[in-house]
Amino acid sequence: QLLNKIGFKWECEHIPIRRGHQSWYRPYEELASFVKTFGHARVPSRFPQNPFLGRWVKTQRYNCKKFLKGDLSSNITEDRIQLLNSIGFEWDCGHIPKPWVISYEELVCFVKEFGHARV
């Protein structure tokens, strides 16, 4: 009750940005905007409208590979990986066999319709 009296917000409305992390969240928001515009997160590495975003996306893939190998020099975290996953980030563009992609898209449709991936 005391927290409610002073206007405490019980739910976060924005992505938490800690000091020193703003530089990661800004391009993340640009990527989220790209996804809304184009319907996917496959930003070309040489994207003329935003060359930095294409390089940033490539760097996230590289950092994730390092992270998964236990390389502590990677600046990606599990939280960042989850955020990228939440907007449909593709970690291995161009190297996914076509039949797998088709099955994945079918699973995505199933999840949208039934709310789970237990098939």
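The values are calculated or read from the model by the stated rules, or taken from the named source; none is laboratory data. Small disclaimer: the values here were computed from a predicted structure and weren't measured. Positions of Cβ are generated from backbone atoms using ideal geometry, with glycine treated the same way; all protein chains shown enter the neighbour counts. Note: areas computed on protein heavy atoms with side chains; ligands, DNA, RNA excluded. Shrake-Rupley method; radii C 1.70, N 1.55, O 1.52, S 1.80 Å.
Structure values in brief
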quantity: All positions within region 45-63 that are within 23 Å of V108 (Cα to Cα) and either open to solvent by 40 Å² or more (accessible area, probe 1.4 Å) or among the charged types (D, E, K, R) (or both); calculated: R61
quantity: Residue count for region 62-90, restricted to those that are farther than 26 Å from K112 by Cα and not hydroxyl-bearing (S, T, Y); calculated: 12
quantity: Hits in region 35-53 (condition: among the charged types (D, E, K, R) and in contact (Cβ under 8 Å) with a residue 40 or more places away in the chain); calculated: R42
quantity: Residue in region 17-31 that is at pLDDT 95 or above, out of contact with any strand residue (DSSP E or B) (no Cβ under 9 Å at 6 or more places or on another chain), of a type outside the set (F, W, Y) and closer than 22 Å to V111 by Cβ present; calculated: yes
